[in-house]
Every structure is written in structure tokens, then in C-alpha cells.
Amino acid sequence: MITFRNRLPALPRVAALTCGLAVTVVGLSACGTEEDSVSTDGKNAKTATSAEEMGGMSALVTAAQQEGTLNAIALPRDWANYGQLIDGFQDQYGIEVKVENPNGSSQDEINAITSRKGRDDAPDVVDLGSSFAVGAAEKGLLAPYRVADFDHIPETQKDAKARWYNDYGGYISIGCDAERITNCPKTFADLLKPEFTGKVALNGDPTKAGAAFAAVYAAALANGGSFENIQPGLDFFAELKRNGRYASVEPTPATIMAGQTPVIIDWDYLNVGYAQKLKAKGVDWQVEVPDDGEFAQYYSQAINKDAPHPAAARLWQEYVYSAEGQNTYLYGYARPALMTAMAKDGTLDRNAAAKLPPVIGVPSFPTESQQAAAKQTLARGWREIASG
């Protein structure tokens, strides 16, 4: 049995405020008011950088419940177990989570923040590929906020100013339908073999999607590149495309079942999720973390600086970084950012952790400047690959 560290207080639920009159004029606020974000002693969530600045967790919960809504974006229910995480938050606090564009990219999230500034339908929170989080912070789009366990998040996985911090992640892996592929690939080098013609799929556009961006980085490491040099990764995918190995199909369980994407380069937690989901349908989906391009990356939580529900946004962060929230990611085969700290204090679900694909050594991560430079290289080079 797990004893949850830092579990958030289960206070009596407050029903979400409702509007007495329908709002029919475009551009007017719907139901939220400035007072919704203010605690009983006058603390304002819009500027709070910690729960303490709101007067404590109880005050933060009350202010969030008065707002009654959390606007999220690009959170598929079957991605890293977000469905259970969302349900857990709603059940505990009675706050409705509205998820827009669940299959959107990190760039879509940033676009929503910038294009809807001051609107009630702007995202409150975002879950970004780390390179996109760095860029959003540099543009002044994110609010600084230190969750209770901020100090336990590894230094390499958080912004010193607390504008973003990693929540979960994993390793780039190669998933393979062993019923359709005689010898499943185990390395990036294997993917160049003629037997994989038209069979290798990538999860999205690397200039827009964090998973695809990381896949190019992993390919770079497998081909003589480094965190400072992603070009060999671009060269690798150009060769895949030139030799007909690359399949320009967005992978899903349906494309796997149809035989359109028998090999997928994606996060290990997504590939393991495919394996569990498709096992009952007779698909033997094997997952390998390639040792010639072992690349780990995490997604990052952040709060929109102009969040329409600032208290709910901050409460969501506290829930995500509670042991309950972090273990929920683990149940979806993702590696929580607080995994090491939780393993030490006994709050990590070890049975769930044992189901993750084995990896060698301790992960290292590119710096903010290295990621920014890699994005610039990708922006110049991927368009040519995609159109070639």
C-alpha cells in the first residue's frame, strides 16, 4: 500500500459558480470575476508564486473552487494516463477540467496563449515539450510558481525562476509489430535496412511536436551528433526519406492494426501503452530503447501568465506534483519527474516502476541554449526533408 506524500487536503467541495444570465455578446467574460481568484484574506492568485502566498493550501483550494473551471489544452486522455489524472483532480476538488484540442502540439498550446490573451477561453495551464517551455518562458508567457515539492525536482529539470518544471517523461524508443516484422529493429542503425521500406513512422512534425523533436535528437546521438549538434539527426531522417524507409503517417493504434505503421519511433511510455492496449487484439508490440541513441526528455508543466483561472491553475500544479499525481503518470508508463525523490521516501509505486523498459545509466539533458539552437537547425532543415 502506498502512503502518499504531500497529498493535497480534501476540503469540502464548493459548487462551481454559475451565471444567472446567458452572455450573448462576443468578447464579454462568461462567469469568472476578479474576486474568484482572491483568497479570504485578500491574496491574489494572479500574482501568487506559491501556495503560501495565497495564505496556504486551504485558501488556494477555496479560491480555485470559486473559479470552478480549469482550461487545459493538448491533453489526450490516453497520453501518459492524463485521463486518470484529470478525473482525479475533478473528483477531489469538484473543479471542471475543460480540455481543448486534445491531440494538439506544443506549438498549438503556445499559439493559444498568445492569440487569446485576456479571453476566458485561454489556456490556464500547458504541458509543453521542454524546448517549447524554454521558448515560452523567454517570451514572457509563463507565470512563476513554486509547487510544494519544487526543491525535489532535479535541477536539470526545472527553470530556476519556476516558470516551468518537468512533470513526466521517458526515453525515445522503437516500437515494432512482431507479427508483421520478422526481425524487429533495436537500434537506429537497424532502421536503415531495406526490410523497413515504408514502415518507419514518426510521431508528428519535429518543429511542432516534442516527441518528434526528441526523436531527431536521439537519431543525432546515434550518428555522431551531440546535444550541441542535432544536424546528424536531420541527416538520418533525410536518408530514411530518400531511401523510402520513412512512412508519412501519424501513428495511432488504428494505424498499427491496419499495418500502416509497423515501426514507430516514439516515447517509451506511448509505445508500452500501445503494447498493453493492443495485446488483447493479438498484436505483439515490442518496445526497445535503442542503446545507440539513448535520449531522455520530459514534458514541462507551466501556467499561462494571463490564465483566466489563476487559482485553479496553481492548484492543478500542486495536484500534478503530489505523490498521487506523479504515480498517476507512472501508471501510464511515464517516468515522473519526482521519481527519484519518491523512491527514497517510499511513496513511489515500485510495481508500476518495474514495468518500464530498462535503460542504461542516468539520463542527461540538453541545456536551454542547446535546445534553442537545435530548434533553429530543425526549422531550417526539416522543411526540406518533408517536401523532398
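General remarks:
- Restricting attention to the stretch 110-155, the residues that are more than 15 Å from the chain's Cα centre (by Cα) and of a type in the set (S, T, N, Q) total 3.
- Residue count, the stretch 94-116 (criterion: touching a Lys or Arg at 6+ places or on another chain (Cβ under 9 Å) and either among the polar types (S, T, N, Q) or under 15 Å from Pro310 (Cα atoms) (or both)): 6
- Residue check for Ala133: in contact with a Ser or Thr (Cβ under 6 Å, 6 or more places away or on another chain) and surrounded by 21 or more Cβ atoms within 10 Å (Cβ to Cβ): yes
- Residue within the stretch 150-165 that is touching a strand residue (DSSP E or B) at 6+ places or on another chain (Cβ under 6 Å), within 28 Å of Glu67 (Cβ to Cβ) and of a type in the set (S, T, N, Q) present: no
- Qualifying position, being assigned to a loop (DSSP other than H, G, I, E, B) and small (Gly, Ala, Ser), among Gly83, Gly140, Gly170, Gly175: Gly140
- The stretch 225-247, subset free of Cβ contacts under 8 Å to residues at least 40 places away in the same chain and either touching a Phe, Trp or Tyr at 6+ places or on another chain (Cβ under 8 Å) or assigned to a loop (DSSP other than H, G, I, E, B) (or both), residue nearest to Leu202 (Cα to Cα): Gly233
- Count - residues of the stretch 132-158 that are over 18 Å from Arg335 (Cα atoms), modelled with pLDDT under 95 and in contact with a Phe, Trp or Tyr (Cβ under 7 Å, 6 or more places away or on another chain): 1
- Among the residues listed as Leu141, Leu75, the single one being of a type outside the set (Phe, Trp, Tyr) and either over 30 Å from Lys344 (Cβ atoms) or assigned by TED's automatic domain parsing to the domain that holds Ile264 (or both): Leu141
- In the stretch 203-232, the residue that is farthest from the chain's Cα centre (by Cα) out of those that are aliphatic (A, V, I, L, M) and at pLDDT 95 or above is Ala222.
- Which listed residue is over 16 Å from the mean Cα position of the chain (by Cα), at pLDDT 95 or above, within 30 Å of Val200 (Cα to Cα) and surrounded by fewer than 22 Cβ atoms within 10 Å (Cβ to Cβ), from Asp284, Asp306, Asp291: Asp284
- In the stretch 30-54, the residues that are of a type outside the set (Val, Ile, Thr) and at pLDDT 95 or above: Ala45, Lys46, Ala48, Ser50, Ala51, Glu52, Glu53, Met54
- Answer residue from the stretch 359-388, given it is outside any loop (DSSP other than H, G, I, E, B) and of a type in the set (Val, Ile, Thr) and is farthest from the chain's Cα centre (by Cα) among those: Ile385
- Single residue of Ala354, Ala323, Ala337, Ala341 found to be aliphatic (A, V, I, L, M) and crowded, with 24+ Cβ neighbours inside 10 Å: Ala337
- In the stretch 290-316, of all residues being among the aliphatic types (A, V, I, L, M) and in contact with a helix residue (DSSP H, G or I) (Cβ under 6 Å, 6 or more places away or on another chain), the one that is nearest to Gly169 (Cα to Cα) corresponds to Ala302.
- Of the residues making up the stretch 176-194, those that are acidic (Asp, Glu) and more than 16 Å from Pro290 (Cβ to Cβ) are Asp177, Glu179.
The values are calculated or read from the model by the stated rules, or taken from the named source; none is laboratory data. No experiment lies behind these values; they were computed from the predicted model shown. A quick note on method: Cβ atoms are made from the backbone with ideal geometry, for glycine too, and the neighbour counts reach across all protein chains shown.
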